[in-house]
Amino acid sequence: MHSAPPHSVPPGTPEDRRINACLNRYIDFVRSEKSLSLNTQMAYQRDLLSFINWQKTRQKQSTTRQDLQQYIGYLRQKGQKTSSIIRAIASLRGWFAWQKTTGIVAEDPLEAMHNPVRAKKLPAVLSKDEVEKMIDAAQWSRDKLIIELLYGAGLRVSELVGLDVKDVNLSQSYVRCLGKGSKERIVPIGRQALACVQDYMKELKDSDSTPGDTKGRANEAGPEAPKKTRVLTQVKHVVRPLFRDRAGNRLSRLVVWQVVKRLAKKAGVEKSLSPHTLRHSFATHLIENGADLRSVQELLGHANIVTTQLYTHVSRGHLRKAYDQAQGAFVSEGPIDFSPSIAKMDEI
């Protein structure tokens, strides 16, 4: 079970202590009532602490809409991206709404305030060939399985590192993961991923060395691991993470990011990518191969299909191929310009 994020507003004046108590109560509310992940709780707290510290420099006890507009300007001057500013506003929106509901403040300064408009920029998508090259570039079964599950199951990186050994069902070819809001979902895995899981599980049991390239990877390895017999004794009666570092601890998201970057470089993939790029590629390739949006929504674990519509897109080549197949019986009098339609698709 994850522990709660630390409440770190430094005590000082009576007003500081009041704000500290208010923040503590709100974080407790978020944790107990909204069932948000620890990462989300910590993101909320960072956003709120940033605003509280900024507001303290202005020596103001109440917050107005004008204050919030000035704070957004401050974030922009710091070089914050629009997506980060929108997240910060969402954190503040929840906090002020809770304060109004509980009677701490009479007015919510964000009640009638709109979010900044975010440019609809689609992330990079890997081709199937690029994904295969990354898998082939993996020397160790652990790294190979990381790519297989990020792409072949469309897992978020937090879902991947949160997997335990008991979450893998080899006989029925699926993994059970916890998504956003601690929502459980079952995701099928294909034959290639299943074979990779079996190899990795065998390596966990039989190998005296921990999988992974230790050369140049001291940061992800942590302290020198005890002998395997001792590690197995430690985890025998407790939760056993599927992905572990050399010390037998659950692998961090940072290490997964490093693995993805290293394999992409080794495979000659020059696109800017992250673990989430593989999830997006998974969704895109499903759509291109005729999967319906509802199925993709379930596989990705989206609560709202609108999220799936914005998350996926169809490549120009796929649209052209679909058109040619549908219109194969007709002869066009001239070339057809797809630019307007494609432009609209690219805005999704």
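Read-outs throughout are calculated quantities, based only on the coordinates presented, and are distinct from any laboratory measurement. The model shown is predicted, which means the values in this text are computed figures rather than measured ones. Reconstructed Cβ throughout: ideal geometry from the backbone, glycine too, with neighbour counts over all protein chains shown.
For an R0 of 22 angstrom, estimate the FRET efficiency from the Cβ-Cβ distance between Met113 and Arg58 and round to the nearest 0.05.
Details: r = 18 Å, r/R0 = 0.84.
FRET efficiency, Met113 to Arg58: 0.75.
With N set to the number of residues, divide the alpha-carbon radius of gyration of segment 5-163 by 2.2 N^0.38 Å and report two decimals. Kindly include the intermediate steps, with their values, before the conclusion.
Values: Rg = 20.4 Å, N = 159, 2.2 N^0.38 = 15.1 Å.
Against the compact-globule rule of thumb, the ratio is 1.35.
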- Message: Between Met42 and Arg176, what is the label-point separation in nm under the 7 Å Cα-to-beta-carbon projection?
- Response: 2.6
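Could you give the length gained on full extension between Thr13 and Asn304, defined as 0.36 nm per residue of separation minus the Cα-Cα distance, in nm? It would help to have the intermediate numbers written out before the result.
Working: separation 291, 0.36 × 291 = 104.76 nm, distance 4.43 nm.
Fully extending the segment from Thr13 to Asn304 adds 100.3 nm.
One quarter of the convex hull surface, Cα atoms only: what value does that give for segment 14-101 in nm²?
Approximately 5.9 nm², given one-decimal rounding.
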- Note on the structure: For segment 71-201, the Debye formula with one identical point scatterer on each Cα and no solvent gives log10 I(q)/I(0) at q = 0.22 Å⁻¹ as -1.22
- Item | Sorted peptide list for 37-50, 281-294, criterion being average Cβ within 10 angstrom, highest first | 37-50, 281-294
